Amino acid sequence: MLNKFFSRFSQNIAIDLGTATSLVYVQDKGIVINEPSVVAVNQKTGQILAIGAEAKKMVGRTPGYIVATRPLVDGVVSDFEVTEQMLKYFIERVRKGKFVLSLRPRVIVGIPYGVTEVEKKAVRDAAKNAGAGEVFLIEEPMAAAIGARLAVQEAGGNFIVDIGGGTTEVAVISLGGIVLAKSLRVAGDKLNEDIIRFAQEEYKLLIGERAAEQIKIGIGSACSLNSKSETDKKKDKKELPLRGRNLITGLPEEILVNEADIRSAMEGSVRQIVSAVKTTVEETPPELLADIMTKGIFLGGGGSLLRGLDILIQREVKMPTKIIEDPTTAVVRGAGMVLENIDKLSETLSGTEEIAPPR
Ligand SMILES: Nc1ncnc2c1ncn2[C@@H]1O[C@H](COP(=O)(O)OP(=O)(O)OP(=O)(O)O)[C@@H](O)[C@H]1O
Ligand SMILES: [Mg+2]
């Protein structure tokens, strides 16, 4: 009771620690932080020099002993200490100017589907050490579905695919719980790696991750959008320069790549994503499938923005497929909505200390 009383006065903060991007949502304020998940560390002293956008800027422009690390690999905490520092930095930034004695905030953190109890505890401890009062955890596909305003608590099925940087999570949700899910470590970053490998194998050109990502966003696609039309044929031939260093001569070089080249470089990974969707559909209980066939498949996460991916999934899985509104912020917005309506939505949480998991 007292707890409930106090919780009214503490701030509600939702955090999505992504492999690529971290977002923080504060009740009544909206998204207040949207920054790359990068931490710059001085390897000699172990000291953290910068976090987020500032750290990303330092990458490659600093002496060798200053390294940029990503505390999350494939969506899972790989470096506990750095993750804690990052959470601390976010929470403190949100609370700047607040009374020192004011109540500790209630924090909800999105976690990938299927993380172990040990990993959950690590995230919970990190958030507590970082200054959180109550800590809640929610599985990212659930948060994404809520952020997309799907009717997760109804008996009908909802099908959501969150394609992030490190992981693709496919989930079927019904009655406030995840009925079936798959998580694969193939997502946006793997596509960048595919492009890097392509440049290396085809042109002996060494390119950076940023260059690869720019090309992916610039001309990358999952399928030939309609190879019969003349305009698309032209688009297929649309070229962009790829700059890097020739591995043989050691000199800078620029080559031109077109949409078809990049598409075929990424084809294997794209196929893996599509096939995860397909197998999940095949394993979905028929009672839920009927619903999903009408509502369709919903795509979220930055990776869902790859041109033609929705069309390819729709074609391969034979179900209407849509990209949700504002796909990169759905997880943090959904998590925020749960915290604001905790009484009604507690069943969507992943086990917490405060509320027993609804199994
Ligand atoms: N327009 C676009 N076209 C293709 N890919 C894109 C586009 N915009 C962003 N991406 C990719 O989306 C990925 C990041 O997505 P998102 O921010 O959802 O990931 P994340 O939540 O940090 O990762 P995860 O959920 O795996 O931990 C990156 O690989 C990025 O290159
Ligand atoms: Mg994500």
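The values are calculated or read from the model by the stated rules, or taken from the named source; none is laboratory data. Only a predicted model underlies this, so the values are computations on that prediction, with no experimental measurement involved. Here the Cβ positions follow ideal geometry from the backbone for every residue, glycine too, while neighbour counts run over all protein chains shown. Accessible surface areas use protein heavy atoms only, side chains included; no ligands, DNA or RNA. Shrake-Rupley method; radii C 1.70, N 1.55, O 1.52, S 1.80 Å.
Quick check on packing: order 217-224, 252-259 by the mean number of other C-beta atoms within 10 Å, highest mean leading.
Working: 217-224: 19.6, 252-259: 15.5.
Peptide ranking by packing, descending: 217-224, 252-259.
Applying a 10 Å radius around every beta-carbon, put 132-145, 24-37 in order of their mean neighbour count, most first. Could you put the intermediate results ahead of the total?
Details: 132-145: 26.6, 24-37: 17.4.
Highest to lowest by the protection proxy: 132-145, 24-37.
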Count neighbours as other Cβ atoms within 10 Å of each site's Cβ, and list the trypsin sites (Lys or Arg not before Pro) in the range 243-319 that are DSSP loop with at most 16 such neighbours.
-> LYS318
List, in order, the whole-Hz ³J(HN,Hα) value for each residue of the range 126-134 obtained from phi through the Karplus relation with A = 6.51, B = -1.76, C = 1.60 and θ = phi - 60°; use x for Gly and Pro.
-> 4, 5, 5, 4, 7, x, 6, x, 6
Neighbour net charge for LEU242 - beta-carbon separation under 15 angstrom, K R +1, D E -1 = -3
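If you roll a 1.4 Å probe over the chain with all protein chains in place, what percent of the accessible area is carbon or sulfur? Mind showing how you got there, number by number?
Working: 9190 of 17410 Å².
That share works out to 53 percent.
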With just the Cα atoms of the range 188-267, tell me how far they stretch along each of the three principal axes, in Å, largest first.
-> 41, 22, 18
With the Cα gyration tensor of the chain in hand, give its eigenvalues times 5 under a square root as the equivalent ellipsoid semi-axes, listed largest first in whole angstrom.
-> 35, 29, 15
TYR203 accessible area, 1.4 Å probe, all protein chains in place, Å² to nearest 10 | 80
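Accessible area per residue, 1.4 Å probe, Å², for the chain: what's the number?
Working: 17410 Å² over 359 residues.
Averaged over the residues of the chain, the accessible area is 48 Å².
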Helix-derived mean residue ellipticity, 222 nm - over the chain, DSSP H n ≥ 4, -39500 (n - 2.57), to 500 | -12000 deg cm²/dmol
In the neighbourhood of MET266 defined by beta carbon distances under 13 Å, the net charge of the other residues (Lys, Arg +1; Asp, Glu -1) is -1
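What's the local net charge at GLU325, with K and R +1, D and E -1, over the other residues with C-beta under 12 Å away? Don't skip to the answer; put the middle values down first.
Working: positive: ARG149, LYS322, ARG333; negative: ASP326.
In short, +2.
Averaging sequence separations of C-alpha pairs under 8 Å and six or more residues apart, then dividing by the length of the range 188-267, give the relative contact order as a whole percent.
Working: 108 pairs, mean separation 26.7, N = 80.
After rounding, I find 33 percent.
In percent, how large is the relative contact order of the range 266-359, given Cα pairs closer than 8 Å and 6 or more residues apart? Present the calculation step by step, with values, prior to reporting the outcome.
Numbers: 64 pairs, mean separation 21.2, N = 94.
Taking the mean separation of contacting Cα pairs over the length of the range 266-359, I get 23 percent.
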If the convex hull is drawn through the Cα atoms of the range 132-197, its volume per residue in Å³ = 104
